[in-house]
1. Relative to the longest principal axis of the chain, what angle (0 to 90°, nearest 10) does the C-alpha long axis of helix 5-20 take?
2. So how far apart, in nm, are the two label points at ILE111 and LEU30 if each is 7 Å from Cα heading toward Cβ?
3. DSSP beta bridges in the chain, what fraction antiparallel, as a percent rounded to 5?
4. Given 37 °C and 0.692 mPa s, how large is the Stokes-Einstein diffusion coefficient of region 73-137 in µm²/s, with Rh as the Kirkwood radius over Cα pairs?
5. How much net charge surrounds LEU118 when only the other residues with a Cβ under 15 Å from the Cβ of LEU118 are counted, with Lys and Arg +1 and Asp and Glu -1?
6. Among GLU31, GLU17, which comes first, second and so on when ranked by fewest other beta-carbon atoms within 10 Å?
7. Rg/Rh for region 4-65 to two decimals, with Rh computed the Kirkwood way over all alpha-carbon pairs.
8. Report, to the nearest 10°, how far helix 117-127 tilts away from the longest principal axis of the Cα atoms in the chain, using its own Cα long axis and a range of 0 to 90°.
Amino acid sequence: VSIELISFCSRLILELERNYKSTQTTEFNLETPNHSTLNVEMDEKLLRQILTNLLSNALKYSRPNHPIRFSLTSSEHKVIFRISDSGIGIPPEDLPHIFLPFHRGNNVNAIPGTGLGLAIVKQAVDLQGGEIAVESHVGQGTTFTITLPSHTASWRKE
Ligand code: ATP
Ligand code: MG
């Protein structure tokens, strides 16, 4: 199915902001360099799973008033999603395990969760032949980068 990614991502952000508005003052900034539309062939349900899990983690583990950066870039054969927060970060000893079911970081005791979100994300990324990378520093923040192949990406400049 063909999806227009920029409006798709804007809608996801609106949904999340609506759901968490009462408890969070953090907001998302969507960055789409050079693009006004970006059409790709992708599994919409899987993409939704991936992005809502990553974006809600960014909200959950961030600090108030530190905006979350969500950027979207593409080249001929791939789309790159990058979600970057200035939150609590992931301890180095937890980093190798965060994609395993039920693993939760040492520094999240007071924050509820089941430890399943990233395991789902990893499976959904693998199913689409994509890649996921994470970079994190405790007390500074976390960046997840997802690269998904898309052989029919077409975009228009503003
Ligand atoms: P849920 O199943 O409800 O998503 P969860 O958020 O604990 O629970 P995952 O989304 O799988 O589970 O994340 C696993 C762990 O990775 C988290 O418990 C947390 O320690 C760490 N983590 C994930 N994303 C972030 C982030 N953006 N900032 C800091 N830690 C994170
Ligand atoms: Mg989660």
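Read the figures in this text as sums done on the coordinates, not as results from a lab. Because the structure is a prediction, the values reported are computed rather than measured. As a convention, Cβ positions derive from the backbone with ideal geometry for all residues, glycine included, and neighbour counts pool all protein chains shown.
1. Relative to the chain, helix 5-20 is tipped by roughly 30 degrees.
2. 2.4 nm
3. 90 percent
4. Using the Kirkwood radius from Cα pairs, D works out to 245 µm²/s.
5. Here the count lands on -2.
6. GLU31, GLU17
7. Answer for region 4-65: 0.99.
8. 30 degrees
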